[in-house]
Amino acid sequence: METLERVFIALGTNIPPRGPRLQEARNMLRGIAAGGWKESSIYETPAVGPEGQAPYFNQVVSFWYSRGKKLLLYYLKGAELLLGRIPRQERWTEREIDLDLLYYGDAVSTGRPTLPHPEIIQRQFVLVPMCDIAPDWKDPLTMQSMQELLSELQQKEGEFHFKKIEFEGTE
């Protein structure tokens, strides 16, 4: 039997309707959560990748989960398809929805899934929302808190000021 683990998942979308897509993704994830739900604010951030992409809405959610990291990864990939993600050949292109498993407790693994997610410490658009809900969470590879990782990254590349989204409409 698997143990109950705290998981963190990054949600992102830059294809309208962005707000409703994130809401649908959160609803799907709440359905598998074993309690302890936390969600960050939603931030509008510049796209990473090819020029001309629309900005993203990004968010991080966390909850308790007990069915294993591989099953969670498969669930996330299936949820992306159900939420309308269209597979594309190029990397870093626009996305209807992106659900990335960041942490599965303090698990460290290579292969599928790679944990922690290898790009967390290079992404302010992940670290800022992580700090909303778990600033003291320690990365099991660096043993640094999310706040420490964010501070280091901001010293290196400058602080990005992301727009916090408060909305009721369809965007």
**Complete:** Residue by residue through the range 136-141, the couplings from Karplus 6.51 cos²θ - 1.76 cosθ + 1.60 with θ = phi - 60°, in Hz, x for Gly and Pro, are 9, 4, 9, 5, x, 8
**Item:** Bins of 10 Å, starting at 0 and running to the largest distance - Cα pair percent for the range 22-70
**Value:** 22, 41, 26, 11, 0
**Asked** What list of ³J(HN,Hα) values in whole Hz, one per residue of the range 33-50 in order, does the Karplus curve 6.51 cos²θ - 1.76 cosθ + 1.60 (θ = phi - 60°) give from phi, with Gly and Pro shown as x?
**Response** 6, 9, x, x, 5, 9, 9, 7, 5, 9, 10, 8, 10, x, 5, 9, x, x
**Message:** Helix-only mean residue ellipticity at 222 nm, the chain, DSSP H runs n ≥ 4 weighted -39,500 (n - 2.57), per residue, nearest 500. What is it?
**Reply:** -9000 deg cm²/dmol
**Item:** Relative contact order [Cα under 8 Å, 6+ residues apart], the range 1-97, whole percent
**Value:** 41 percent
**Prompt:** For the residue pair K38 and Q89, what label-to-label distance in nm results when each label sits 7 Å from Cα along the Cα-to-beta-carbon direction?
**Reply:** 4.2 nm
**Prompt:** Considering only the other residues whose Cβ falls under 13 Å of the Cβ of E96, what net charge follows from Lys and Arg at +1 and Asp and Glu at -1?
**Reply:** +1
**Message:** As an exercise, identify the chymotrypsin sites (Phe, Trp or Tyr not before Pro) in the range 1-51 lying in DSSP coil whose Cβ has no more than 15 other Cβ atoms within 10 Å.
**Reply:** W37
**Message:** Taking amide H atoms as placed 1.01 Å from N in the peptide plane, list the residues 5 or more away in sequence, or in a different chain, whose amide H sits under 5 Å from that of L102.
**Reply:** F8, I9, A10
**Message:** Amide H of I165 versus every other amide H placed in the peptide plane: which residues, excluding those fewer than 5 positions away on the same chain, fall under 5 Å?
**Reply:** I42, Y43, E44
**Asked** What ratio of Cα Rg to 2.2 N^0.38 Å holds for the chain?
**Response** 0.99
**Asked** Any idea how far the Cα center of the range 1-72 sits from the one of the range 102-143, in Å?
**Response** 13 Å
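No lab work stands behind these numbers, since they all come straight from the coordinates. Note that this is a predicted model, so its numbers are computed, not measured. Counting neighbours? That spans all protein chains shown, and the Cβs are built from the backbone with ideal geometry, glycine included.
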